[in-house]
Amino acid sequence: MRVEHRIRLVVVAATTMTLLAACGSTSSDTTTTSSTTTAPASAALVGEWERTGGNYSVLQGMVVEVAEPATEGVVLTVPRNPYDFRPGDVKWMSIVERPNGEFRFSDLSRESGTGAVSYVVGFMTLANDGQTLEMRFPSTGTIQVWTRGR
C-alpha cells in the first residue's frame, strides 16, 4: 500500500508540475503575442495616392487607393511599364502604424522581363500636411514619393 501511495504522489506531483508549466507557457506565449500585435493603420492614409517621385520614374502616375480599414492599397491606374503592374494589384499590404508615427508595410515588387513578384518591407512617413507620403525601403535603398489624389 505504501508503494502505491508513493506512486500516486509522484503521478499527482508530475501532473501538477506539467499543468503549471503549461500555464506558464501559455501565459508567456500570450504575452509574446500581445506585445507583437499592432494596431491597424491610421485612417489618415485612406484615399487615393498618385506616385509623383522617387526611383523608377517610369512608374510615376500610378494611382493607389487605400480604403478602410487602411491595411492595404490597391492599384487603380498605372502607366504602361516594363514591370507589368496592373489595376487591381495589391501594391501595399499589411500596413501598420508604428509608435513613432511612421507606417510599416509590404510593397509589391515586380521584376521587369520575368514578371517575378515579391513584397519588400518599407516604411511610409506622412507629411504634416497629410498630402505627401514618402516611402523608403532599407533593403533596396529606394525611395518613392506619393501625393494625395482626388
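Residue count for the stretch 46-66, restricted to those that are farther than 13 Å from residue 91 by Cα and either modelled with pLDDT of 95 or more or surrounded by fewer than 17 Cβ atoms within 10 Å (Cβ to Cβ) (or both): 10. Across the stretch 104-148, the number of residues qualifying as small (Gly, Ala, Ser) and surrounded by 15 or more Cβ atoms within 10 Å (Cβ to Cβ) comes to 3.
Taking every residue in the stretch 51-78 that is within 21 Å of residue 143 (Cβ to Cβ) and touching a residue at least 24 places away in the same chain (Cβ under 8 Å) and pairing it with any residue that is among the β-branched types (Val, Ile, Thr) and outside any strand (DSSP E or B), at least 6 positions away or on another chain, the pairs with Cβ-Cβ distances below 8 Å are 59/78; 62/78; 63/78; 66/46. Would you tally the residues in the stretch 75-84 being open to solvent by less than 30 Å² (accessible area, probe 1.4 Å) and modelled with pLDDT under 95? The qualifying residues number 1. Taking the stretch 85-103 as the range and being more than 16 Å from the chain's Cα centre (by Cα), modelled with pLDDT under 95 and open to solvent by 70 Å² or more (accessible area, probe 1.4 Å) as the test, only 86 passes. Is one or more of the residues making up the stretch 108-123 of a type in the set (Asp, Glu) and at pLDDT 90 or above? No, that holds for no residue. Residue 116 meets each of the listed conditions (1) within 17 Å of residue 49 (Cα to Cα); (2) more than 12 Å from the chain's Cα centre (by Cα) apart from (1).
The values are calculated or read from the model by the stated rules, or taken from the named source; none is laboratory data. Everything numeric here is computed off the predicted structure, so don't read it as measured data. We place every Cβ from the backbone using ideal geometry, glycine too, and count neighbours over all the protein chains shown. Heavy atoms of the whole protein, side chains included, go into the accessibility calculation; ligands, DNA and RNA do not. Shrake-Rupley method; radii C 1.70, N 1.55, O 1.52, S 1.80 Å.
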